[in-house]
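The structure appears below as structure tokens.
Bear in mind these aren't lab numbers, they're just calculated from the coordinates by the rules spelled out. These numbers come from a predicted model, not from an experiment. Glycine gets a Cβ as well: all are built from the backbone with ideal geometry, and neighbour counts include every protein chain shown.
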Amino acid sequence: MKLTRKSLAVKLSKIIGFRQSDIGLEQYMTDSEIAADVLWHAYQKGDIQDKTVADFGAGTGILGIGALLLGAKKVFFVEMDEPTIAILKENLEGFENHIILCANVNDFFQDVDTILQNPPFGTKTKHADRAFIMKAITVAKVVYSFHKTTTTEYIRNLVNQYDFETTMQMDFSFPIKKSMPQHKKKVVKIEVSCLRFEHK
Ligand code: SAH
């Protein structure tokens, strides 16, 4: 059966999320509808099918699994948190063409076609997302990267200095379920954007 954007979103909604969020690592799962929007766009751009993809800070795998569902040749899942890797493995049962690396993204040295990443936004560790970007642009020519909308201007300028241009920005309101003690509301929303940047 050929996948549609809708059936992709339904499949992604079944992926198991984090059991308990780790504040220091800023673990938030990407909402399945948002992941489907970005993945579908990437698929239509020709960045997924038959491509080698890496999912940086893979978490429980939603972005990389979406890539596998859309026909990626191979997906590297790079995640440094061991308890999260256990859930990721569960989510990947039955899938082929993937490699799970329990590692810091800084230690990834494989050239790939496309990076998908929803990195920590740097709320807890300053510039955490900057390290992801700097690594991504050294190993791939096309990068899809989520950031706080307020920081996108900074990111655009940053990648521009390294001969990457931002070719797309999708803006979302990110629903974050109450998972941390300091959250008072059940669901908080933050403005998040996904940027696509490509080597010039
Ligand atoms: N990509 C997933 C998870 C996003 S949360 C999703 O979209 O749902 C960010 C993830 O990055 C967390 O799982 C966290 O453990 C991981 N992480 C944070 N810093 C990392 C680093 N330096 N190297 C590898 N993984 C990292």
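Of the residues in the range 79-94, how many are over 19 Å from Gln20 (Cα atoms) and near the ligand (Cβ under 9 Å from one of its atoms)?
Let us first name the residues in the range 79-94 that are over 19 Å from Gln20 (Cα atoms), namely 92-94.
Remaining after also requiring near the ligand (Cβ under 9 Å from one of its atoms): none.
Adding up the residues that qualify gives 0.
Among the candidates Asp55, Asp50, single out the residue that is near the ligand (Cβ under 8 Å from one of its atoms), of a type in the set (D, E, K, R) and under 24 Å from Ala136 (Cα atoms). Before you say what the answer is, go through the steps one by one.
Numbers: Asp50 fails: near the ligand (Cβ under 8 Å from one of its atoms).
Of the residues listed, the single one that is near the ligand (Cβ under 8 Å from one of its atoms), of a type in the set (D, E, K, R) and under 24 Å from Ala136 (Cα atoms) is Asp55.
Can we say Phe132 is within 12 Å of the chain's Cα centre (by Cα), near the ligand (Cβ under 8 Å from one of its atoms) and buried (at least 19 other Cβ atoms within 10 Å of the Cβ)? Break it down into steps so the answer makes sense when it comes.
Numbers: within 12 Å of the chain's Cα centre (by Cα): yes; near the ligand (Cβ under 8 Å from one of its atoms): yes; buried (at least 19 other Cβ atoms within 10 Å of the Cβ): yes.
So Phe132 fits the description; yes.
Look at His127 and say whether it is more than 14 Å from Ala58 (Cβ to Cβ) and within 16 Å of the ligand (Cβ to nearest atom).
Working: more than 14 Å from Ala58 (Cβ to Cβ): yes; within 16 Å of the ligand (Cβ to nearest atom): yes.
It is true that His127 is more than 14 Å from Ala58 (Cβ to Cβ) and within 16 Å of the ligand (Cβ to nearest atom).
Need a quick list: strands (runs of 3 or more DSSP E) entirely within the range 54-136 having at least 2 residues that are in contact (Cβ under 8 Å) with a residue 12 or more places away in the chain and closer than 20 Å to Val192 by Cβ. Working first, answer last.
Numbers: elements: 74-79, 98-102, 114-117.
Ranges flagged: 114-117.
For the range 101-122, how many residues meet the condition of being more than 12 Å from the ligand (Cβ to nearest atom) and closer than 18 Å to Ile62 by Cα?
Qualifying residue count, the range 101-122: 1.
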